[in-house]
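What follows is a single structure, written as structure tokens, with notes after it.
The values are calculated or read from the model by the stated rules, or taken from the named source; none is laboratory data. Please read these numbers as outputs of a predicted model, since none were measured by experiment. Heads up, the Cβs are rebuilt from the backbone with ideal geometry, glycines too, and the neighbour counts pull from every protein chain shown. Just the protein is used for accessible areas: all its heavy atoms, side chains included, with ligands, DNA and RNA removed. Shrake-Rupley method; radii C 1.70, N 1.55, O 1.52, S 1.80 Å.
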Amino acid sequence: MRKSKPGRSIYLEMGVWYDEATGSIHMTAKGVHGFHTTERRDPELKRGHPNLFDKLAKCLRDSGAPAPQGSVPNA
């Protein structure tokens with residue numbers, strides 16, 4: 001993790017992967033103890049955030065990693 005020169009933001013090295021069995025996208029941050037979270041497309045779920053889910057899915061697809069199919073337009 002590194003801090004910006006003005007010191008108002010940080011840059012994290014992230015691990016992102018899709019778990020087909022649960023339909024979740026997982027995220028971890030290198031060097032940040034306990035940072036592991038998941039996102040789902042369904043807004044009714046506790047961890048449901050369709051916009052973020054679709055943006056992460058696009059990043060996975062664009063990188064050639066396993067990713068969920070379909071997305072909301074303009075993700």
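A few points about this structure:
- For A57, the test of being surrounded by 11 or more Cβ atoms within 10 Å (Cβ to Cβ), hydrophobic (A, V, I, L, M, F, W, C) and in contact with a helix residue (DSSP H, G or I) (Cβ under 9 Å, 6 or more places away or on another chain) is failed.
- Among the residues making up segment 20-38, a single one is open to solvent by 30 Å² or more (accessible area, probe 1.4 Å) and within 15 Å of G70 (Cα to Cα): E20.
- Within segment 21-38, restricting attention to residues that are over 15 Å from the mean Cα position of the chain (by Cα) and without any contact (Cβ under 8 Å) to a residue 12 or more places away in the chain, the residue that is nearest to Y11 (Cα to Cα) is H33.
- Residues of segment 39-50 satisfying the condition of being farther than 14 Å from G70 by Cβ, within 13 Å of the chain's Cα centre (by Cα) and open to solvent by 30 Å² or more (accessible area, probe 1.4 Å): R47, H49
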